[in-house]
Structure formats: C-alpha cells, structure tokens
Amino acid sequence: MNEPQNRRVAVIGLGAMGGAMAATLHKAGWDVTGFDPSEAARKAAEETGINTTDSLATLTGTPYAVLSLPAAGIVETTVPQLLASPGTVAIVDTTTSEPATSKHMAELAESHGAAFIDAPVSGGRDGAATGTLSAFVGATDAALKAAEPVLLALTGGNFSHIGGPGSGNVVKLLNNVLAAANLASVGEALGVAKAYGIDPATAAASISGASGGSKVSATMYPNWVLTGSHDSGFSMGLMARDAALAVDVAAQIGEKPLLLAAVANQWQDALAVLGPKADFTEIARTVAPAITPAGAPGTPSAA
C-alpha cells in the first residue's frame with residue numbers, strides 16, 4: 001500500500017453518502033474537513049466529530065479530496081477550485097458522474113501535477129459508514145496509485161480498476177440501470193405471485209435461491225418494499241437520473257439498448273408520480289402496488 005505522508009483530506013458533499021464517508025475517514029485516522037453548502041449537512045457532520053467549513057475556497061490545495069456530489073456539472077465547477085493552489089495529491093470522485101466530465105477533470109488535474117480518479121461507489125449508507133463500499137474505478141495506473149490510500153480506507157480494497165478515466169462512470173451507470181430494470185421486473189413478478197395467492201415474501205425467497213435471484217429479490221424487496229419502510233437512503237430522483245444517463249451514454253457511441261431505454265422511461269413515469277425525494281424502492285408502488293403496504297400512489301391507503 002502507498003502510505004500517504006500527509007493524511008489531510010477534504011470531503012466535498014456531506015449528504016447521506018458523503019457524511020458517512022467523512023466519518024469513516026475520521027475513524028480511520030485521517031484529518032478530515034468537510035464542506036457542504038447546506039448548514040444542516042455541516043452540523044450533522046460536526047456531530048460525528050468532523051471539522052467543517054462553509055467555504056470551498058479554504059480547502060484549495062488540500063492533499064486529498066473526496067467528492068460526493070449530485071451531478072457532473074458540480075464536479076466541473078468544484079475541481080478547478082480545489083486545484084487553484086498547489087498541494088493537491090489526488091481527488092477521488094465518488095459521484096455518479098459522466099465519462100466526458102471525468103476525462104476532462106483527469107486531464108486538468110494532471111496539468112496541475114495532481115491525480116483525479118472517477119470512483120463511483122455502491123453499497124449505500126451502510127457501506128459508506130463501515131468502509132466497505134465497492135467502487136468502479138476509472139483512472140490511469142499512476143492516478144490510481146496516488147489515490148489508493150483514500151480508496152482503501154473507503155472500500156477496504158473492494159474496488160475494480162475498470163480502465164482509463166471515465167470508464168468507472170460508464171460501468172457504474174450500467175450497474176444502476178440494470179438495478180433499475182431488476183427493481184421493476186421483480187416487483188411485477190411478485191405482483192403476479194400475489195395475484196395467485198402466493199405470499200410475495202415466500203416467492204422472493206424462493207426466487208432468490210434460483211437462477212432468477214438477485215440482490216433486489218434477496219434483500220431490497222424483503223427489507224425495504226414488503227415491509228413498507230422504503231428507507232434505503234437512495235432517492236427516486238437519483239435512480240431515474242442514472243437510468244436516463246446510462247441510455248444517453250450509450251447513444252453517444254451509437255448504441256441503442258431498447259430494453260434499457262424502456263426501463264429508463266418507466267422510471268421517468270414513476271418519478272413524475274412519486275417525486276424526486278421518494279425512496280427509489282417506491283418504484284414498486286407503481287409496478288406492483290398490491291404487494292406494498294403503502295399501495296399505489298394517490299390511493300387512500302397510500303402512506
């Protein structure tokens with residue numbers, strides 16, 4: 001492992017994921033300073049022992065930085081500010097961003113003598129809080145080596161070096177659109193099971209031990225849908241965005257994935273009904289309302 005000489009790290013974006021990653025780095029012995037434009041997010045981070053700032057400019061030149069941001073456009077405005085003063089060693093972007101943005105940011109960082117890697121993550125709040133996230137890494141070999149100390153603290157070594165800059169974003173988007181497809185299809189299947197008088201939980205458990213099983217049927221539906229909790233921590237707005245972006249990225253190179261495009265459209269329809277702040281597992285309320293305690297959106301039984 002490439003042991004850093006300076007363990008100062010800035011975490012930009014202190015939402016559910018960024019805040020949990022900041023806490024993990026703090027517990028691992030890093031000197032963490034967090035930034036978020038939201039005062040509430042900063043206060044929540046401070047309650048876990050994280051130093052925060054309300055000015056991104058104060059973090060320029062920090063040796064390491066972790067980005068956890070809602071969109072590629074914000075990455076594009078943030079990275080130049082971090083690089084405005086010398087001292088940055090590596091920037092680890094965990095945002096589910098766009099390949100072109102990551103390529104541009106990697107070139108910009110290299111021109112400043114720093115490294116930038118796209119490392120969108122999977123594993124949710126629990127993985128972020130325990131340092132057990134998985135990451136899809138797009139980077140040159142040299143950039144990955146520079147960023148590895150932070151990446152190891154966040155993932156415990158559970159990351160895949162997919163290829164050059166931007167490739168991590170491509171595979172993460174494909175992962176998310178596949179998850180989106182699975183969430184819809186498992187819901188429909190369990191709806192059919194219930195219509196036949198079969199307990200959806202029993203059907204999900206049986207399917208999960210066979211060839212049609214997945215994390216969606218084994219974990220997401222039993223824990224978040226059938227219970228009615230819908231508290232995964234990942235929003236409908238973000239999943240709908242990722243599914244649409246996956247199809248857009250495909251179109252940019254001339255690919256036309258018809259099934260994935262249909263899935264992306266289905267999520268846009270659900271977004272219009274449920275709103276961006278709904279939990280992404282609430283897609284079940286639109287594809288199989290009979291299996292959810294809340295029922296269909298807008299019905300008297302809906303929570």
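Scanning the range 174-198 for residues being assigned to a loop (DSSP other than H, G, I, E, B) and either under 20 Å from the mean Cα position of the chain (by Cα) or not hydrophobic (A, V, I, L, M, F, W, C) (or both) gives a total of 2.
Every residue, every condition in (1) free of Cβ contacts under 8 Å to residues at least 12 places away in the same chain; (2) more than 18 Å from the chain's Cα centre (by Cα); (3) in the same structural domain as Lys103 (by TED's automatic domain parsing); (4) part of a helix (DSSP H, G or I), yes or no:
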residue	(1), (2), (3), (4)
Ala135	no, no, yes, no
Ala153	no, no, yes, yes
Gly157	yes, no, yes, no
Ser160	no, no, yes, no
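Among the criteria (1) in a helix (DSSP H, G or I); (2) closer than 30 Å to Gly29 by Cβ; (3) of a type in the set (A, V, I, L, M), the one Val171 does not fulfil is (2). Please determine whether any residue of the range 244-253 is at negative phi, assigned by TED's automatic domain parsing to the domain that holds Glu188 and of a type outside the set (A, V, I, L, M, F, W, C). Yes, the range 244-253 contains a residue that is at negative phi, assigned by TED's automatic domain parsing to the domain that holds Glu188 and of a type outside the set (A, V, I, L, M, F, W, C).
In this structure, does Trp224 turn out to be out of contact with any Ser or Thr (no Cβ under 9 Å at 6 or more places or on another chain), aromatic (Phe, Trp, Tyr) and not assigned by TED's automatic domain parsing to the domain that holds Gly18? When the stated conditions are applied, Trp224 does not pass them.
Residues that are modelled with pLDDT under 95 and closer than 24 Å to Ala243 by Cα within the range 44-71 comprise Pro70, Ala71, listed in sequence order. Just to be sure, is Ala201 in contact with a Leu (Cβ under 8 Å, 6 or more places away or on another chain), outside the structural domain of Pro257 (by TED's automatic domain parsing) and assigned to a helix (DSSP H, G or I)? For Ala201, the condition - in contact with a Leu (Cβ under 8 Å, 6 or more places away or on another chain), outside the structural domain of Pro257 (by TED's automatic domain parsing) and assigned to a helix (DSSP H, G or I) - is not met. Of the strands (runs of 3 or more DSSP E) lying entirely inside the range 10-101, those containing at least 2 residues that are touching a residue at least 60 places away in the same chain (Cβ under 8 Å) and buried (at least 19 other Cβ atoms within 10 Å of the Cβ) are 64-67, 90-93. Note on the range 110-119: residues that are buried (at least 24 other Cβ atoms within 10 Å of the Cβ) and not in a loop (DSSP other than H, G, I, E, B) total 3.
The values are calculated or read from the model by the stated rules, or taken from the named source; none is laboratory data. Quantities reported herein were computed from a predicted structural model and do not represent experimental measurements. No Cβ is skipped: glycine too gets one built from the backbone with ideal geometry, and neighbour counts run over all protein chains shown.
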